[in-house]
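Here's the structure, in structure tokens; my notes come after.
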Amino acid sequence: MVTFKDFRNNVKPNWCPGCGDFSVQAAIQRASANVGLTPENLAVVSGIGCSGRISGYINSYGFHSIHGRALPLAQGVKMANRDLTVIASGGDGDGFAIGLGHTIHAIRRNIDMTYIVMDNQIYGLTKGQTSPRSSAGFKTKSTPKGAIEPSINPMEMALTSGATFVAQGFSSDLKELTSLIEQGLNHKGFSLINVFSPCVTYNKVNTYDWFKENLVKLSDIEDYDHGNKESAMQMLMKHDGLVTGLIYHDSEQPSYQELIDGYDEKPLSHQNLNLDEDYFNHLVKEFM
Amino acid sequence: MKQQLSWKVGGQQGEGIESTGEIFSMAMNRLGYFLYGYRHFSSRIKGGHTNNKIRVSTKRVRAVEDRLDILVAFDQETIDVNYHEMGSGGIIIADAKFKPVNPDDCQAELIIVPFTEIASGLGTSLMKNMVAIGSTCAIMDLPVAVFTGVLQETFKRKGEVVVQKNMEAIEAGFRSASELLGEKRGSHKLAEADGIQRMYMIGNDAIALGAIAAGVRFMAAYPITPASEIMEYLIKKLPALGGAVIQTEDEIAAATMAIGSNYAGVRALTASAGPGLSLMMESIGLSGMTEQPLVIIDTQRGGPSTGLPTKQEQSDLMQMIYGSHGDIPKIVLAPSTAEEAFYDTIDAFNLAETYQCPVIVLSDLQLSLGKQSVDPLNYAKVQIGRGKLVSDEGELDELEPKQYFKRYELTEDGVSKRVLPGMKNGIHHVTGVEHDETGKPSESSLNRQMQMDKRMRKLEHVELHKAVDIDNAKHGEADILLIGFNSTRGALEEAQQRLEADGLKVNHAHIRLMHPFPADKLLPLMESAKKVVVAEHNATGQLASLIKMNVGMAAKIHSLKKYDGTPFLPSEVELLTKELI
Ligand SMILES: Cc1ncc(C[n+]2csc(CCOP(=O)(O)OP(=O)(O)O)c2C)c(N)n1
Ligand code: SF4
Ligand SMILES: [Mg+2]
């Protein structure tokens, strides 16, 4: 039996001690084992940032790509081999600044894959500049007098972009996070999981304690219906996005793969490349 | 009887000018004539002058002709902007509806035919284009029956009545023009063609068909002139092969998606033009650094910025070769005809997999959109080579626990075995960060040097069947060596013939492998030429610079540059070459 240990490699992460990303790494490893994946059938594609290093810390196929582009690259992998399980991952700058366009379109497209954002509301790797997730007033090296732009609300944005699976986790709650990733992996379509993953070095405001004080767990709310988009939106607005758990899930909507005209059940990567001669001649004739 | 003629139809965009040219040329193609088309169009949908110039010949032609013999005009602007191409003997047939006026200094004869009136009389003014085609038949002494088959196919879905009506319009145009033409009737009769069936296609069709023949199953792209036809063709054809096309949110997504798809084992491509290629630069670097195959088609158009989006230019050359920060191995191919575009696209996929690097197929607007006759493509010549891709997992040694496969193993030729996600003993890491043999990030100076050398070493021996086409370089010693790339081939060939007719010894070399630059192939030709004339469509002489850099001999290199948006005419190359030397 495959266990989470099989998803560990011998690379020591270069994250700062206490960085929230360690928990995300562990949660991915556990969830992968729990849903029955094998390392060779998992591809983790990441962007650039402290968080982007994660693809190198999991024993699976890993692709550390370019800043903001993990999503399109991961979608290409999935299109090529629909039998693989594909996880895209990266930071809040990666997914909500430079790669925001891809995020919205990946949500709309609904290719069967899971996107995990390590949201620390700061740029870690470049040593502490503001991020589109930083709250107004937040002081960083690039906003010495405090951020004057309001922050992006990724969960609300996902809902309005047609997301079929929207969840939010917190690095301190490994159990909930693992469960959310499992559900995301099992979801047939695009699953977005935003994780509050504190940067202990550059974000002295949104700390573990701060989150513990401010986060509301949806599982503690009686009758919360994650099948209802309207109440999901209201819940997010009411708590300023500071909720964890499964926010919205539409299990009916078919994934992109199921809707593409002619798309082979067999992975494209397993196809014979040689074109049938008669078919080739037929194509040639069309130009005569 | 004539061996060739040039025919042009012009009017306002959205008036069916394109389809008039299409129907005329399809019929000519079926008769076995060699065709070469040129489209003049603007970056707007309705309105604005557009024209379609088609050269029809009993022999192979690969350039727009200098002169124009027959001009079909649907508005006065068509006459005003095109009559200067016509000499005496030329005929303008124009719709009586716009009360055409022949400019004072026009040498061609104006024949006014009531296109619209005749068409309306037959049911709808929309058929004025067919009346014009019938009038053309009268000038060329062509039996109108040659259009029957083409009309049947074109209007198949609209029913037999529509086919019949259009045929009547052609006949009526023929009768009316025959009377009006008087002794000019049949003045442009062409000698009979060989009757051999050929393909008639734009370069983009050939590229798309090449992609299919190469085994492409996925394309990611963002629409742009003059590349969109490639995507549109594959959207039609890939579903039948189980594959798919995604129209992405931008070209960065297109390029990275194609990389992801190639990484996972599928031959995938993207296609764009200058603005899109500029956006793809970082992805091209990623492909080079991570040794993932990637094929990109760049259909050059007028730059910089949005530039002249619907006009001919060849100004992306330097960016395609040197673009993307840092040093990467990269291959750039430049086909000159639709036929070469087909085979080069297939080669591009083989090269990308063999050398595990980005390969750019450079086209230009005239090649991508100009329709031309192509000898039926040869299935037997389609070969697929996937290099060191491990196709059978069983070949792989069992990995030690927690160890990664050496995806970037240092090898003599620089190419390492490539495995695909899903293979149990192939697990490894991929990163754009400098990495060791297993793909793990490494900043060690020694490793850096070894990995950089390994990557760059891959391209030491790139072989292309015809890196430089020297079929037209027969002289041991030449007065002039003409050099070009992409679609200028035909203009250079014809200029060469004319200069030779004037007693000069002229060689012509057309470069097909732009990078790594085939200096060794060009060197002897340049050494044995008194003067070297490099013809290209850009303002800075990019190819000339490239030749100077790679081969030298700067003193004898003359740059012949055209960047007004129109393709070189043979006469321009001829005259400018004479002026230069
Ligand atoms: C095109 C490009 N621009 C800028 C950078 C520099 N850069 C690297 S990571 C990063 C932001 C990191 O922030 P985030 O995505 O939130 O990741 P974190 O480090 O916080 O996990 C930036 C700006 C880059 N690598 N590429
Ligand atoms: S800088 Fe912040 S985000 Fe980066 S590793 Fe350290 S704690 Fe984590
Ligand atoms: Mg961050």
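On average, how much accessible surface per residue is there in segment B:1-116, in Å², for a 1.4 Å probe, leaving out ligands, DNA and RNA?
Accessible area per residue, segment B:1-116: 37 Å².
Quick one: net charge of B:Gln300's neighbours, Cβ under 12 Å, K/R +1, D/E -1?
Cβ neighbours under 12 Å give a net charge of -3.
Any idea which of B:Leu190, B:Val162, A:Ala31 is furthest toward the positive side of the dipole for the protein assembly as shown, if Lys and Arg beta-carbons carry +1 and Asp and Glu beta-carbons -1?
A:Ala31
As I understand it, the dipole of the protein assembly as shown uses +1 on the Cβ of Lys and Arg and -1 on the Cβ of Asp and Glu, about the Cα centre. Which of B:Val430, A:Asn186, B:Leu389 lies farthest toward its positive end?
Checked the options; the winner is B:Val430.
How large are Rg and Dmax for chain A when calculated on the C-alpha trace, in angstrom?
Gyration radius and largest Cα-Cα distance of chain A: 20.0, 73 Å.
Quick check for me: using +1 on Lys/Arg Cβ and -1 on Asp/Glu Cβ, what's the dipole size of segment B:172-330 about its Cα centre, in debye to the nearest 20? Before the final figure, lay out each step's value.
Values: 12 positive and 16 negative charges, 121 e Å.
For this selection, approximately 580 debye.
Kindly provide the helix-only [θ] at 222 nm of chain B, computed as the sum of -39,500 (n - 2.57) over DSSP H runs of four or more divided by all residues, to the nearest 500 deg cm²/dmol?
So the helix-based figure for chain B works out to -11000 deg cm²/dmol.
Tell me the Rg and the Dmax, in Å, that the Cα atoms of the protein assembly as shown produce.
30.9, 98
Separation of segment B:205-247 and segment B:438-472 by C-alpha centroid, Å?
Using only Cα atoms, the two centres lie 29 Å from each other.
According to the Cα gyration tensor, what semi-axes, each the square root of 5 times an eigenvalue, does the equivalent ellipsoid of segment A:67-142 have, listed from largest to smallest in whole Å? Mind showing how you got there, number by number?
Values: eigenvalues 153, 24, 16 Å².
They are 28, 11, 9 Å, listed from largest to smallest.
Using the crude model of +1 on Lys and Arg Cβ and -1 on Asp and Glu Cβ, and no other charge, please compute the dipole size for segment B:1-109 relative to its Cα centre, in debye to 20.
So the magnitude is around 600 debye.
Of all accessible surface on the protein assembly as shown at a 1.4 Å probe, what whole percent is carbon and sulfur?
Whole-percent figure for carbon plus sulfur exposure: 51.
Once the whole set of protein chains is in place, how much accessible area is left on A:Leu268, using a 1.4 Å probe, in Å² to the nearest 10?
Near enough 10 Å² of accessible area.
For segment A:40-196, just the Cα atoms, rotate onto the principal axes and tell me the three extents in Å, largest first.
Sorted largest first, the three principal extents are 50, 31, 30 Å.
Need the C-alpha centroid separation for segment A:106-123 versus segment A:27-56, integer Å.
Their Cα centres are 13 Å away from one another.
What is the calculated FRET efficiency for A:Asn214 to A:Val2, with r their C-beta to C-beta distance and R₀ = 41 Å, to the nearest 0.05?
So, using R0 = 41 Å, E works out to roughly 0.65.
Round to the nearest 0.05 the FRET efficiency obtained for B:Lys59 and A:Thr207 when R0 = 60 Å and r is the Cβ-Cβ distance.
0.15
Using the structure shown, select from B:Lys2/B:Lys556; A:Lys266/B:Lys156; B:Lys330/B:Lys505; B:Lys46/B:Lys99; B:Lys128/B:Lys236 the pairs with a Cα to Cα distance greater than 29 angstrom.
Cα-Cα > 29 Å for B:Lys2/B:Lys556; A:Lys266/B:Lys156; B:Lys330/B:Lys505; B:Lys128/B:Lys236; rest within.
Please work out the FRET efficiency for the pair A:Asn272 and B:Lys381, using the Cβ-Cβ distance as r and a Förster radius of 30 Å; give the result to the nearest 0.05.
Details: r = 19 Å, r/R0 = 0.63.
After rounding to 0.05, the efficiency reads 0.95.
Given segment B:69-123, report the % of alpha carbon pairs whose separation exceeds 15 Å.
Of the Cα pairs, 41 percent sit more than 15 Å apart.
Using the alpha-carbon centroid of each, what span in Å lies between segment A:127-145 and segment B:516-581?
54
For B:239-248, what's the mean count of beta carbons from other chains sitting within 10 Å of each residue's beta carbon? Kindly include the intermediate steps, with their values, before the conclusion.
Details: counts 5, 3, 7, 9, 8, 10, 3, 9, 0, 7.
So the per-residue partner count for this stretch is 6.
Expressed as a whole percent, how much of the Cα-Cα distance distribution for segment A:188-271 exceeds 18 Å?
Beyond 18 Å sits 59 percent of the P(r) for segment A:188-271.
Any idea what Rg and Dmax come out to for segment B:363-507 if you just take the C-alpha atoms, in Å?
24.0, 76
List the relative contact order of segment A:128-238 as a percent without decimals, with contacts defined as Cα pairs under 8 Å and 6+ residues apart.
18
Give, as a single signed number, the net charge of other residues whose beta carbon lies under 15 Å from the beta carbon of B:Asn425, with Lys and Arg counted +1 and Asp and Glu -1.
Result for the local shell: -3.
Around A:Ser89, under 11 Å between beta carbons, what's the net of Lys plus Arg minus Asp minus Glu among the other residues?
So the surrounding residues net to -1.
Please return the longest range in chain B lying between exposed loop sites, taking GluC sites (Glu not before Pro), DSSP loop only, at most 11 other beta-carbon atoms within 10 Å, and leaving the sites out.
Numbers: sites that count: B:Glu192, B:Glu398, B:Glu412, B:Glu443, B:Glu463, B:Glu477.
Segment B:193-397 is the longest.
To the nearest 10 square angstrom, what accessible area does A:Thr38 show with a 1.4 Å probe?
Here the accessible area works out near 40 Å².
Given the -39500 (n - 2.57) contribution per DSSP H run of 4+ residues, what per-residue ellipticity at 222 nm results for chain A, rounded to the nearest 500 deg cm²/dmol? Mind dumping the intermediate values first?
On the way: 9 runs with 85 residues, N = 288.
So the helix-based figure for chain A works out to -8500 deg cm²/dmol.
Under 19 Å from the Cα of B:Lys474, which aspartates and glutamates turn up, not counting those fewer than eight places away in the same chain?
The reachable aspartates and glutamates, counting only those whose Cα sits under 19 Å from B:Lys474, are B:Glu493, B:Glu494, B:Glu500, B:Asp502, B:Asp520, B:Glu527, B:Glu574.
I'd like to know which of A:Gln253, A:Gln121, A:Met157 lies farthest towards the positive end of the charge dipole of chain A, counting +1 on Cβ of Lys and Arg and -1 on Cβ of Asp and Glu.
The listed residue farthest towards the positive side: A:Gln121.
Report the Cα-based extents of chain B along its three principal axes, largest first, to the nearest Å.
Dimensions of chain B along the principal axes of its Cα atoms: 89, 59, 41 Å.
Size of the dipole of segment A:1-79 about the Cα centre, Lys and Arg at +1 and Asp and Glu at -1 on the beta carbon, nothing else charged, in debye to 20?
So the magnitude is around 60 debye.
The values are calculated or read from the model by the stated rules, or taken from the named source; none is laboratory data. Keep in mind it's a predicted model, so treat the numbers as computed, not measured. We place every Cβ from the backbone using ideal geometry, glycine too, and count neighbours over all the protein chains shown. These area figures cover heavy atoms from the full protein model, side chains too; ligands, DNA and RNA do not enter into them. Shrake-Rupley method; radii C 1.70, N 1.55, O 1.52, S 1.80 Å.
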